[in-house]
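Down below is the structure, laid out as structure tokens.
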Amino acid sequence: MRESDSMAITGKQLFWLISTMQVGMTVLLTINPMILISRQDAWMSSVLAGLIGMFVAWVCSRISLLMPGMTLVDYARSLLGSWLGNALIVLYLVQWYSVLAIILRQYSELIVGSALLKTPMTVPMLGMLFVAVYAVHSGLVTIARCSQIFGPFILLGIAVPILLSLRDFDLRNLQPVYQDTGWMTLIHGSLPTGTFLGDCVMLIFLFRFVAKPATGVRPAILGVGIAGLLVGAATLLIVGVISAARAAGSTYPYFQLVRYISYTDSFQNLDAIVVALWISGVFIKISLYLFVSAYGTSQLLGVRRWKRSLWIIAPLALGLAYIPRDFIQSSVQFPQNIAIPFILPFYYIGMPIVLLGLAKLRQVRLERGRQD
């Protein structure tokens, strides 16, 4: 399956793809569970979560450099053989289908709950899917260019409220430091955010399209690092301004921080701007999930025109998005019962490490063969 030049992206574009994909939903959905577990030390857990995400990005980057010009479908079969390789590919595709559906559901729940009251949940999901399918059908480079345009505004939209809230920061809200938690609690608290940042595992597909793969390693890791840094800063300011006790009782504590600024400063309706920028980040995220799902499915089935898979994946994701009955199932039970205990250790950390080890063994054997 050969791709045209329109599918090739640069290292800088990879940075914007990863950072914009990760920062919005991570800031919005993971700070609350992190504070519930780590309380006033949640900012320490966010640091650990950032390191988890950067480690996943590094491992996936190393695999892609050792297996140049390949996606997961290509080197899973090469390293594991046909049967095991195809089984692993199916597992990853099922995971991407499921997470895509959950993202759609979480997006629609927030939009319906905060802006489009009494609107059927199908309306925002169909609208987002339509735009994402159009972007993916135009090629990966279109998504990359969108991320370059939206990316700076999205990052600023997260950073500006953090900076505006600095004057209300109360250091006493962070005390006592570490005494009420401990390392095990901090690690436990980092898992919700680490799971969101770990979805940069899709780099095992995206690196195939970086024109010069070696130039993409640092931007990929930096993209995750920037997202983790903003999440950590947001967590620190939320605890320092609102307090851990109050933030733990809010579903979206970052929005609470933004609304606090709107009420105390001359910046009115700042939360509306943040929501608009957040929607742009969700668009990038859903588009990338659609892309890797459609491209991977086509590779697995041997379909040369991979874009045809979009017309199967998009309706499938829409149908799966209706499986959760409510917010609790989509945003609480799914992360706690599926994402953290299974997706993070197996899909994001375990299998990439195994594939990296196998790729290095393959490289050693090839070098010995050349010497002989």
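Candidates in segment 51-63 are the residues that are in contact with a Ser or Thr (Cβ under 9 Å, 6 or more places away or on another chain) and open to solvent by 10 Å² or more (accessible area, probe 1.4 Å); of these, the one that is farthest from Gly296 (Cα to Cα) is Leu51. Scanning segment 135-173 for residues that are within 21 Å of the chain's Cα centre (by Cα) and not in a helix (DSSP H, G or I) yields a single hit, Gly139. What do you reckon, is Asp199 assigned to a helix (DSSP H, G or I) and among the acidic types (Asp, Glu)? So Asp199 passes the test. Residues that are of a type outside the set (Gly, Ala, Ser) and under 24 Å from Ala87 (Cβ atoms) within segment 289-307 comprise Tyr289, Leu290, Phe291, Val292, Tyr295, Thr297, Gln299, Leu300, Leu301, Val303, Arg304, Trp306, listed in sequence order. Can you spot a residue in segment 5-15 that is in a helix (DSSP H, G or I), among the hydrophobic types (A, V, I, L, M, F, W, C) and within 20 Å of the chain's Cα centre (by Cα)? Scanning segment 5-15, I find at least one residue that is in a helix (DSSP H, G or I), among the hydrophobic types (A, V, I, L, M, F, W, C) and within 20 Å of the chain's Cα centre (by Cα), so the answer is yes. Kindly establish whether Phe334 is of a type in the set (A, V, I, L, M, F, W, C), surrounded by 13 or more Cβ atoms within 10 Å (Cβ to Cβ), on the phi < 0 side of the Ramachandran plot and modelled with pLDDT under 90. Against the criterion (of a type in the set (A, V, I, L, M, F, W, C), surrounded by 13 or more Cβ atoms within 10 Å (Cβ to Cβ), on the phi < 0 side of the Ramachandran plot and modelled with pLDDT under 90), Phe334 does not qualify.
Is it the case that some residue within segment 174-195 is of a type in the set (Gly, Ala, Ser) and open to solvent by 10 Å² or more (accessible area, probe 1.4 Å)? Yes, that holds for at least one residue. Residues considered: Tyr107, Tyr92, Tyr75. Of these, the only one that is closer than 25 Å to Gly319 by Cβ, open to solvent by less than 30 Å² (accessible area, probe 1.4 Å) and at pLDDT below 95 is Tyr107.
Consider segment 320-353 and keep the residues that are in a helix (DSSP H, G or I) and β-branched (Val, Ile, Thr). The one that is farthest from Pro192 (Cα to Cα) is Ile353.
For Val136, are the conditions met, namely being touching a helix residue (DSSP H, G or I) at 6+ places or on another chain (Cβ under 9 Å) and closer than 25 Å to Tyr347 by Cα? Criteria met by Val136. Of all residues in segment 306-331, exactly one satisfies the criterion of being closer than 15 Å to Met125 by Cα, among the hydroxyl-bearing types (Ser, Thr, Tyr) and surrounded by 15 or more Cβ atoms within 10 Å (Cβ to Cβ), namely Ser330.
Candidates Leu344, Leu358: the one that is under 24 Å from the mean Cα position of the chain (by Cα), surrounded by 12 or more Cβ atoms within 10 Å (Cβ to Cβ) and not β-branched (Val, Ile, Thr) is Leu344.
Within the set Gly69, Gly81, Gly85, the sole residue that is open to solvent by 40 Å² or more (accessible area, probe 1.4 Å) and at pLDDT below 95 turns out to be Gly69. Listed by first and then second residue, the pairs linking a residue in segment 329-358 that is closer than 21 Å to Leu29 by Cβ to a residue that is open to solvent by less than 50 Å² (accessible area, probe 1.4 Å) and of a type in the set (Phe, Trp, Tyr), with Cβ atoms under 7 Å apart and 6 or more places separating them unless they lie on different chains, are Tyr347/Tyr92. In this structure, Pro68 does not satisfy being closer than 29 Å to Ser331 by Cα and either in contact (Cβ under 8 Å) with a residue 60 or more places away in the chain or touching a helix residue (DSSP H, G or I) at 6+ places or on another chain (Cβ under 9 Å) (or both).
Condition first: over 30 Å from Leu156 (Cα atoms) and hydroxyl-bearing (Ser, Thr, Tyr). Can you find one or more residues in segment 317-326 that meet it? The answer is yes; a qualifying residue exists. Of the residues making up segment 85-96, at least one is under 17 Å from the mean Cα position of the chain (by Cα) and hydroxyl-bearing (Ser, Thr, Tyr). Restricting Arg39, Arg77 to those that are without any contact (Cβ under 8 Å) to a residue 60 or more places away in the chain and more than 22 Å from the chain's Cα centre (by Cα) reduces the list to Arg77. Going by what's in this entry, would Pro176 be described as modelled with pLDDT under 95 and in a helix (DSSP H, G or I)? So Pro176 fails the test.
The values are calculated or read from the model by the stated rules, or taken from the named source; none is laboratory data. If you're wondering where the values come from, they're calculated on a predicted model, not measured in any experiment. All Cβ positions, glycine included, derive from the backbone under ideal geometry; neighbour counts span all protein chains shown. The area values use the complete protein model at the heavy-atom level, side chains included, leaving out ligands, DNA and RNA. Shrake-Rupley method; radii C 1.70, N 1.55, O 1.52, S 1.80 Å.
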